[in-house]
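Trainee: Below is the structure I would like to discuss, written out as structure tokens.
The values are calculated or read from the model by the stated rules, or taken from the named source; none is laboratory data. Owing to the predicted nature of the structure, the values given are computational and were not obtained by experimental measurement. With ideal geometry, Cβ positions are generated from the backbone for all residues, glycine too; neighbour counts draw on all protein chains shown.
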Amino acid sequence: MLVMRTYLRSGLFSLLLLAGTLAATPTHAQNAPGATPAADEPRKYELGGITVSGARYLDPNTLIGLSGLRLGDNINVPGDDIGKSIRKIWAQGILADISVTIARTEGNKIFLDFNVRERPRLSKFTFEGISKGQSEEIDKKIKLIRGKVVTDALLANTRTQVRKFYTNKGFLDTKVVIRQVPDSTLSNSVALKIDVDKGSKVRIHDIQFEGNNAFKDAKLAKQFKKTKARKSYKFLTPGKFQRNEFEDDKKKLVDFYNDQGYRDASIISDTVERDEKGLIVKLKVDEGLKYYFRHITWSGNYLYDSKTLASVLGIRPGSPYSKETLDKRLSYNPTGQDITSLYMNDGYLFFTIDPVETKVEGDSIDIEMRITEGVQARVKEINIAGNTKTSDHVLRRTLRTLPGDKFNRELLIRSQREIATLGYFDPEKIGINPVPNQADGTVDINYTVVEKPSDQITLSGGWGGYAGFIGTVGLVFNNFSLRKAKDFHNWTPVPAGDGQRVALNVQANGLQYQAYSFSFTEPWLGGRKPNSFSFSLNRSVSRLGTNFDAATGQFIKVNSATIGLGRQLRVPDDYFSLSNSISYSQYQLQNYQIFSDFSTGKANNFTFNTTLSRNSIDNPTYTRRGSSISLSLSLTPPYSAFKGAHPNTYEWVEFHKWMFDASWFTPIVGKLVLNTRAHFGFIGTYTPDRVPGPFERFKMGGAGLGYGGGGSFLVGTDYIGLRGYDDPNGAYAIPTAQTGASGGVAYNKYVAELRYPVSLNPAATVYILGFAEAGNAFNTSGEYNPYKLYRSAGFGARIFMSAFGLLGFDYGRAFDTVVPAANVTTAQDFNHFHFIIGQQIR
């Protein structure tokens with residue numbers, strides 16, 4: 001029987017048509033049915049049939065289809081028709097061997113048999129020589145699927161991906177060997193043993209430049225963001241080399257030159273060399289000539305004259321030519337002072353400006369600003385998408401872009417900020433898409449938002465010096481809807497979507513300490529203007545010892561209620577707001593010492609509170625820019641001025657309290673933000689012969705949480721954190737805050753804090769920080785000295801989880817000595833860890 005066979009091994013293709021090379025086979029003039037064809041000359045046959053032998057898992061019909069041969073085709077034997085069919089099947093990479101045999105011939109019909117040997121399938125794979133964690137990371141990249149045919153391409157891709165994984169980590173000498181081990185539990189299956197020898201990490205130890213005269217090597221190397229040399233003092237610099245990051249850094253280097261006026265600068269060549277220390281990156285640059293702006297002219301401007309536009313542009317003749325600076329001043333200056341904003345904030349949405357270089361003479365460049373002002377566009381429709389829980393009107397009432405108004409880009413940005421400050425949506429995913437219609441001079445504005453959880457639950461415990469362990473359960477519904485509460489179907493679990501806030505909180509340690517609070521806030525009373533209404537109720541009971549008898553026990557009970565109104569102001573600008581509230585608190589004491597001459601009796605505190613504030617921060621979770629400033633005043637009636645009033649009675653509490661808080665956020669580089677804060681507080685009386693009582697005073701130190709404050713915690717004492725120092729009732733508290741003192745009547749504090757985000761995911765926003773701060777509290781106004789401060793510095797982290805609020809820790813180092821309490825003889829501990837719960841205002 002005449003046989004045709006094709007062998008393929010290890011990616012090498014060789015075609016051996018035995019039917020065309022059997023020279024010893026005699027040639028017949030005419031073949032009888034069933035006879036083999038002559039081997040010395042091609043003969044045309046009609047393909048009568050194809051069979052497949054040796055296939056165990058592959059579908060024979062599929063293989064036949066892959067061959068490209070069809071019954072009835074005319075093929076030459078010997079010839080290239082069969083060779084082509086074999087190459088097509090082999091190209092699929094699913095066979096280890098394939099041969100073709102002429103089964104028989106019948107007249108001019110020929111019948112072929114494809115004999116195949118399948119490649120094994122993958123049963124499992126394991127890594128050797130690396131950790132489990134790294135194995136899991138690589139597994140996600142190579143994506144090996146059990147049951148897949150083990151082809152040469154699969155093996156090559158696996159080796160490549162493993163090497164790439166370690167190359168990106170600086171292991172340039174990684175070796176990968178893949179062994180195929182037959183799996184006895186499954187037929188025609190193999191297990192892959194992937195042996196990895198990652199070798200030693202190879203780092204960049206030097207970056208060298210050639211051809212640079214205007215800037216030193218260190219200045220140019222600083223422009224690289226990812227490609228950096230590892231030095232002994234740069235322990236946080238990885239020093240690894242990645243080609244894609246290197247290409248990006250080269251573009252940054254050219255951009256730097258362009259921004260300095262060298263618009264023709266280029267990198268001629270770059271090489272990466274290796275020596276015994278590691279890698280040396282060498283770059284040869286051509287700086288070219290430094291260019292300068294000369295004449296800047298304007299054409300097409302009718303709304304603003306050339307002098308006004310030149311003033312906004314702010315580029316003087318003789319300044320280094322910088323395309324980046326020019327683009328920023330024309331279109332996207334972060335401060336908003338650019339030409340495009342000037343027009344678009346006045347409705348000119350269809351405005352365009354094209355800077356054209358009209359002359360390059362020597363090192364000077366003349367530019368003509370060609371302007372097309374267009375017509376003013378008006379807002380036609382406002383569309384909102386993505387608010388699955390929050391009602392449309394809650395979003396629409398915050399927008400500064402209304403149908404019928406002139407288009408204003410600044411108000412678009414302001415609207416984005418207002419949506420972010422609601423706290424109901426992911427601030428990183430607030431989308432604004434103006435859709436202009438130049439035909440009718442209108443624009444539709446499409447807002448897209450992504451809801452995030454805003455309600456919070458608090459389950460925590462703390463150690464209070466007067467009550468021991470205190471358990472806390474709190475619920476805060478930040479997007480509550482009182483309007484929907486009447487429908488039972490909206491309680492899933494609570495009615496939501498109207499932007500109201502309801503907070504419930506319970507703290508307790510059995511009968512020894514109990515505190516309950518409830519508050520409700522409506523930010524848009526009446527729904528037409530941002531006039532807020534708030535109402536709160538509080539009750540606290542603290543008992544000393546084990547005698548809880550109402551007649552003979554030691555206790556303090558506090559009941560209070562507050563009602564407040566607030567409104568947004570228009571002057572000086574609409575970032576300002578004014579809030580006013582009236583509160584009443586009743587204190588009932590029995591043998592409970594919180595002040596030297598007041599331990600039993602009742603005290604009443606009727607207070608009027610007013611706060612003027614300005615808030616322009618862009619994001620309450622991780623703020624990048626803006627400021628928050630507030631000045632508040634709390635006043636009680638001047639009872640001492642009434643006829644017959646005792647100067648030191650606490651039956652009616654008397655004081656006036658002033659508070660100032662300011663916080664500024666300044667972006668430094670990228671997402672790095674500097675937060676500077678200043679705080680001040682003062683409490684006094686209306687007449688010099690009346691001493692401020694134990695109420696509403698200041699205690700400073702620690703995390704500012706107020707644990708261990710005793711009665712002071714219940715009488716409205718403000719706890720101001722000062723990281724690095726002991727808590728107010730600790731052995732090394734600053735003098736005003738030591739155990740037994742009621743607190744100071746004045747304080748001031750200053751903070752500088754650098755923040756950098758680790759994750760901006762709304763489910764868990766995380767940022768790290770470094771801080772330096774100083775502050776002090778003073779027992780009397782006569783002792784107040786703004787320069788006598790306790791200083792500290794340290795670092796920490798904050799984690800904001802939508803369900804639990806803000807958590808964090810700080811490690812602080814105190815720089816100033818604190819005189820310990822009289823009963824303390826051990827040395828001062830200058831270092832403190834502080835645990836933070838909730839946003840610390842001061």
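Trainee: Which residue, of LYS222, LYS234, LYS201, LYS228, is farther than 17 Å from THR271 by Cβ and at pLDDT 90 or above? Spell out the reasoning first.
Mentor: Details: LYS234 fails: at pLDDT 90 or above; LYS201 fails: at pLDDT 90 or above; LYS228 fails: at pLDDT 90 or above.
Only one candidate passes the filter, namely LYS222.
Trainee: Mind checking which residues of region 422-434 are touching a Leu at 6+ places or on another chain (Cβ under 6 Å) and touching a residue at least 60 places away in the same chain (Cβ under 8 Å)? Please lay out each step first, then the result.
Mentor: First, pick out the residues of region 422-434 that are touching a Leu at 6+ places or on another chain (Cβ under 6 Å): 428, 432.
The answer is GLU428, and nothing else.
Trainee: With the condition kept exactly as written, say whether any residue in region 398-406 is under 23 Å from ASP255 (Cβ atoms) and crowded, with 19+ Cβ neighbours inside 10 Å. Outline the logic, then answer.
Mentor: Filtering region 398-406 down to residues under 23 Å from ASP255 (Cβ atoms) leaves none.
The answer is no, given that none of the residues of region 398-406 is under 23 Å from ASP255 (Cβ atoms) and crowded, with 19+ Cβ neighbours inside 10 Å.
Trainee: Ok, one more. If we scan region 291-305, do we find a residue that is surrounded by 18 or more Cβ atoms within 10 Å (Cβ to Cβ) and without any contact (Cβ under 8 Å) to a residue 24 or more places away in the chain?
Mentor: No, because not a single residue in region 291-305 is surrounded by 18 or more Cβ atoms within 10 Å (Cβ to Cβ) and without any contact (Cβ under 8 Å) to a residue 24 or more places away in the chain.
Trainee: I would also like to ask the following. Note down all Cβ pairs under 8 Å where the first residue falls in region 56-72 and is within 18 Å of VAL149 (Cα to Cα), the second is modelled with pLDDT under 85 and among the polar types (S, T, N, Q), and they're at least six residues apart or on different chains.
Mentor: Taking only residues 6 or more apart or on different chains, the pairs are ARG56/SER187; ARG56/ASN188; TYR57/ASN188; LEU66/GLN92.
Trainee: Filter region 192-214 for residues that are in a strand (DSSP E or B) and either surrounded by fewer than 19 Cβ atoms within 10 Å (Cβ to Cβ) or out of contact with any helix residue (DSSP H, G or I) (no Cβ under 9 Å at 6 or more places or on another chain) (or both) and give the result.
Mentor: Just the residues of region 192-214 that are in a strand (DSSP E or B), to begin with: 192-197, 204-210.
Of everything in region 192-214, those that are in a strand (DSSP E or B) and either surrounded by fewer than 19 Cβ atoms within 10 Å (Cβ to Cβ) or out of contact with any helix residue (DSSP H, G or I) (no Cβ under 9 Å at 6 or more places or on another chain) (or both) turn out to be LYS193, ASP195, ASP197, ILE204, HIS205, ASP206, GLN208, GLU210.
Trainee: Continuing with this model, one more query. Within region 370-384, how many residues are over 15 Å from VAL443 (Cβ atoms) and touching a Lys or Arg at 6+ places or on another chain (Cβ under 8 Å)?
Mentor: Residues of region 370-384 that are over 15 Å from VAL443 (Cβ atoms), as a first pass: 370-373, 384.
Still in the list and also touching a Lys or Arg at 6+ places or on another chain (Cβ under 8 Å): 384.
Final tally of qualifying residues: 1.
Trainee: May I ask you to list the residues in region 321-356 that are touching a Leu at 6+ places or on another chain (Cβ under 8 Å), assigned to a loop (DSSP other than H, G, I, E, B) and within 23 Å of TYR291 (Cα to Cα)?
Mentor: ASP338 - this is the single residue of region 321-356 that is touching a Leu at 6+ places or on another chain (Cβ under 8 Å), assigned to a loop (DSSP other than H, G, I, E, B) and within 23 Å of TYR291 (Cα to Cα).
For every residue, the table says whether it meets (1) polar (S, T, N, Q); (2) within 32 Å of the chain's Cα centre (by Cα).
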residue	(1), (2)
THR611	yes, no
ASN615	yes, yes
ASP618	no, yes
SER627	yes, yes
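Trainee: Same structure again: Does region 253-273 contain any residue that is surrounded by 15 or more Cβ atoms within 10 Å (Cβ to Cβ) and over 28 Å from ALA214 (Cβ atoms)?
Mentor: no
Trainee: Check region 293-303 and report whether any residue there is outside the structural domain of GLY318 (by TED's automatic domain parsing) and not in a strand (DSSP E or B).
Mentor: No, there is no match, as no residue in region 293-303 is outside the structural domain of GLY318 (by TED's automatic domain parsing) and not in a strand (DSSP E or B).
Trainee: Take region 495-518 and flag every residue that is in a loop (DSSP other than H, G, I, E, B) and modelled with pLDDT under 90.
Mentor: Quick first cut of region 495-518, residues in a loop (DSSP other than H, G, I, E, B) only: 495, 497-499, 510, 512.
Listed by number, the residues that qualify are GLY510, GLN512.
Trainee: Any residue in region 322-349 that is under 18 Å from PHE256 (Cα atoms) sitting within a Cβ distance under 8 Å of a residue that is hydrophobic (A, V, I, L, M, F, W, C) and at pLDDT 90 or above? List the pairs, counting only those 6 or more apart or interchain.
Mentor: Close Cβ pairs satisfying both conditions: THR325/ILE315; LEU326/ILE315; LEU326/ILE367; ARG329/VAL312; ARG329/LEU313; ARG329/ILE315; ARG329/ILE339.
Trainee: Got a sec? Which of ARG146, ARG179, ARG104, ARG119 is over 30 Å from ASN74 (Cα atoms) and crowded, with 17+ Cβ neighbours inside 10 Å?
Mentor: ARG119
Trainee: Could you pull out the residue among VAL281, VAL360, VAL312 that is in a strand (DSSP E or B) and in contact with a helix residue (DSSP H, G or I) (Cβ under 8 Å, 6 or more places away or on another chain)? Spell out the reasoning first.
Mentor: Working: VAL360 fails: in contact with a helix residue (DSSP H, G or I) (Cβ under 8 Å, 6 or more places away or on another chain); VAL312 fails: in a strand (DSSP E or B).
Result of the check over VAL281, VAL360, VAL312: VAL281.
Trainee: Quick one: which strands (runs of 3 or more DSSP E) sit completely within region 682-795 and have at least 3 residues that are modelled with pLDDT of 90 or more and not aliphatic (A, V, I, L, M)?
Mentor: Numbers: elements: 698-700, 718-720, 746-759, 765-778.
Those strands (runs of 3 or more DSSP E) span 746-759, 765-778.
Trainee: While we're looking at this one, here's another question. Filter region 648-671 down to the residues that are charged (D, E, K, R) and under 22 Å from the mean Cα position of the chain (by Cα) and list them by number.
Mentor: Listed by number, the list holds a single entry, LYS671.
Trainee: Let me ask something else. Within region 533-546, is there a residue that is in contact with an Asp or Glu (Cβ under 8 Å, 6 or more places away or on another chain), of a type outside the set (Asp, Glu), surrounded by 14 or more Cβ atoms within 10 Å (Cβ to Cβ) and touching a residue at least 24 places away in the same chain (Cβ under 8 Å)?
Mentor: Here is the first cut: in region 533-546, the residues in contact with an Asp or Glu (Cβ under 8 Å, 6 or more places away or on another chain) are 533-534.
From what's left, of a type outside the set (Asp, Glu): 533-534.
This time we only want the ones that are surrounded by 14 or more Cβ atoms within 10 Å (Cβ to Cβ), so: 533-534.
Those still in the list that are touching a residue at least 24 places away in the same chain (Cβ under 8 Å) too: 533-534.
Checked against the condition, which is being in contact with an Asp or Glu (Cβ under 8 Å, 6 or more places away or on another chain), of a type outside the set (Asp, Glu), surrounded by 14 or more Cβ atoms within 10 Å (Cβ to Cβ) and touching a residue at least 24 places away in the same chain (Cβ under 8 Å), region 533-546 yields at least one hit.
Trainee: Taking region 519-529 as the search range and keeping residues that are at pLDDT 90 or above and not aromatic (Phe, Trp, Tyr), which one is nearest to SER583 (Cα to Cα)?
Mentor: Taking region 519-529 first, the residues at pLDDT 90 or above are 519-525.
Among the residues that remain, those that are also not aromatic (Phe, Trp, Tyr) are: 519, 521-523, 525.
On the way: SER519: 13, THR521: 15, GLU522: 18, PRO523: 19, LEU525: 20 Å.
My answer is SER519.
Trainee: Yes or no: ILE419 assigned to a strand (DSSP E or B) and either in contact with a Leu (Cβ under 8 Å, 6 or more places away or on another chain) or modelled with pLDDT of 95 or more (or both)? Spell out the reasoning first.
Mentor: Working: assigned to a strand (DSSP E or B): no; either in contact with a Leu (Cβ under 8 Å, 6 or more places away or on another chain) or modelled with pLDDT of 95 or more (or both): yes.
Criteria not met by ILE419.
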